[in-house]
Structure formats: C-alpha cells, structure tokens
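Nothing in this text is a laboratory measurement; each read-out follows from the coordinates by a stated rule. Because the structure is a prediction, the values reported are computed rather than measured. Cβ atoms come from the backbone with ideal geometry, glycine included; neighbour counts cover every protein chain shown.
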Amino acid sequence: MPTWDNKPNGVMKAAVLTNPGHDAPPKCFTYQLDYPRPSLPSPEWVLCRVHAAGLNRAELRGRTGAAPFIAEFIIFQKEYHEDPPKILGEEFVGEVEEAGAESGYKQGDKVTGFVYGGGKAYDGAYAEFTLCHKRRLYRLPQTSLTWNVLAAIPMSMYTAWGALMLAGRLRERPKGSNVLIHGATSSVGIWAMLIAKHAGSVIIATTRNADKVPKLREAGAVHVVLDEDMDVEVAKLYPDGVDIVIELVGPDRVMSSVNLCARYGTTVLVGPLNKHWSAGPFEPFSIPPTRNVSFFTMTNSGPGSEDADVDHETIDRLLEDVVRKVENGIYPQEMFLDKTFTLDEMGDAHEYMEENRAVGKVVVNVP
C-alpha cells in the first residue's frame, strides 16, 4: 500500500488474487463478497463505484505475482514496493461514490479512471469500489452507451491515439500515409486501426492467427499479413518502406520494424503482447539516422506523468470526441469490444485473453 494508512469502510465484492502464479488462470482468483472497502486516504482521492473494467496485458503479468516495475508507479515512485496487492485492474468506468474535498469531483459524476501501478501499487479495479487519484480520473460525457462499451474505450484508445498522433506524428503527414500495425488484433491495435483509418491512412495489419484476418479487414486493414511473414510480405508491398510502424508485439522486434520503415519513417514502440518485457538484441546506435524510433505508453507518456495536468484537458476533449464517434457508428463498437465477462468470471476472462482469442477489448462487468 502507499505510505498512508487506509482504514476499511464496509465491505465490497471483489475478484481477489489468492493464488498468484497458478498455471490455470481461473484458479488464481477467488470471488469474495466481503472484501474490505477502502476509504479516502486524503482530500485528493476519489472512491469510485466500478461498473466495468477493461482488461490489459500488464494484468496478465500481474497475475503471476511478479514484482511491478518502478516505472509503473509513475508520479508515486517514492512509494514503490515489490509486493503486489490482492486486487489487480488498471482501468475502469463508473461513478463517484465519495469525493475528496480537493479532488474537483462530486458524488454521482460519471468517470473513467486509471489506477496507478495497474493494480500493483495498491488495490485496483477488479472490485465493486476502487480508489483513484484526481490526476488519474476523467469525466465521461453524457451518453447512451453502456458501461461495457465505455470500458472498452479509454486506455486502449488513448494509447493508440498517442502512439499515432503524438509519437508517430500522423497528423503532420499527408492523407494516404501508410501505417503498419504489428499486433493489430490487440485492443490497442484495433483502436489504432480505427483511428488511422478515420485519418485517411492506408493500414497494413499483422496477426498470428489466419482466422482473425476477416475481422481485421472489416476494421479497415487494406493489407493483412501473418506475423511470421511480415518482414518479407511488407517489403514486397512497400519496397520503399512504410511511414509509421506501431510496434505492439515487443521491444525485441524493434529492429525488424525499423527495417520496414521508409526514409524518415517512425517506429513507435508501445508494449509487448506477452507477459515479459525484453529489449532483445536492440542497440540504439544501430538505428540509421534516417529512421526514427519513439516510445509511447500510459506509464511514461500518459495521464499521471509529469504532464498530467496538460493531458487531463487533452483526454477530456478526446473522450468527448471518441464517444460521439462511437455513437455515430464511425468507430463501430462491435469492432473494438470483443467479449464481456462478469466479476465472478475474472479467471475465465484472463484465460480467454491469455489464449489470444480476442480481437479487441475484453471487458469485465461489475454488477
């Protein structure tokens, strides 16, 4: 827990990580009806009623019981500790139950929040209630979209948008620029496709599973290649290289992606689809001066970072814009929301995600 003492205030439902590291994900979690409900630790914090939580790859690693990285604690790195909590969960959508006097929120506000440390610094979003610092909490616009649909938007969408627009500088490129999305069936990958397509880009998507090709084409990919054939097939399609590569599979694939970039093209490293970070044979000095490598994650670049106050305004506007586009069918919800589980099915949700069965976001509803 952080340095403050948190006194329980009643009980709540929660999917508790009681057996971390078990080979069978359903054996890792216990659904409890009487887990201690947290109380506000300071006036800057908000207690939120979670209605739905989006699952993220980092939580698969968290389930193993592995120590979190210090970078995952973001602006709270002075509170770093290696022992993980019992409730994982990086993001949620819901309503304010109790607001600290200095939080800027009030009871009943509809919000989305990013739990710092991804449920590793302190208890996360796999529960009926969770704590969120004001710098990691955002208002949701008024909408008719369900909680489950809303839960499939924030973190994956913002990560994809930031990778394309901030790190990849897609807005500075002409329409028709080509974007290679390596790991396109992930929730970030699907959002990157939707956003890039709306921006007028030509999308090349990769997947490890041929059965997922039709869904990627439906989402907007002009070309779909199997991961094992990526280096050869993309080079055939674009002998001069692609403008932007969104690298979602892992840091060990950086040089492969760089080699597919056009002159002054950019590879954006976002995160791994496996449970382990690895730099592999990557050497920064081996990058040609006519190629760019950038990095974007919610940890080092997003809300809660040093630019959190700036990002707050950006994300508020972005959420409003994206929610309206989902309502209008520009970003079809059936493209980015793959499957929904309930809180007592948390282990099944992890297993489904770990088996790479999803194309898009896996969401857990909290009734």
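Somewhere in region 120-140, is a residue surrounded by fewer than 18 Cβ atoms within 10 Å (Cβ to Cβ) and more than 17 Å from residue 37 (Cα to Cα)? Outline the logic, then answer.
Step one: list which residues in region 120-140 are surrounded by fewer than 18 Cβ atoms within 10 Å (Cβ to Cβ), which gives 139.
Cutting the leftovers down to more than 17 Å from residue 37 (Cα to Cα) gives us 139.
There is at least one residue in region 120-140 that is surrounded by fewer than 18 Cβ atoms within 10 Å (Cβ to Cβ) and more than 17 Å from residue 37 (Cα to Cα).
Screening region 91-184 for strands (runs of 3 or more DSSP E) wholly inside it with 2 or more residues that are within 30 Å of residue 209 (Cα to Cα) returns the ranges 91-99, 178-182. Figure legend. Inter-residue proximity from region 87-102: first residues closer than 14 Å to residue 38 by Cβ, second residues aromatic (Phe, Trp, Tyr) and in a strand (DSSP E or B), beta-carbon distance below 8 Å, spacing 6+ or different chains. Indicated pairs: 87/35; 97/129; 100/45. In region 17-33, is there at least one residue being part of a loop (DSSP other than H, G, I, E, B), under 25 Å from residue 347 (Cβ atoms) and in contact with a His (Cβ under 9 Å, 6 or more places away or on another chain)? Yes - at least one qualifying residue is present in region 17-33. When 201, 187 are screened for being under 21 Å from the mean Cα position of the chain (by Cα), among the polar types (S, T, N, Q) and farther than 20 Å from residue 259 by Cβ, only 187 passes.
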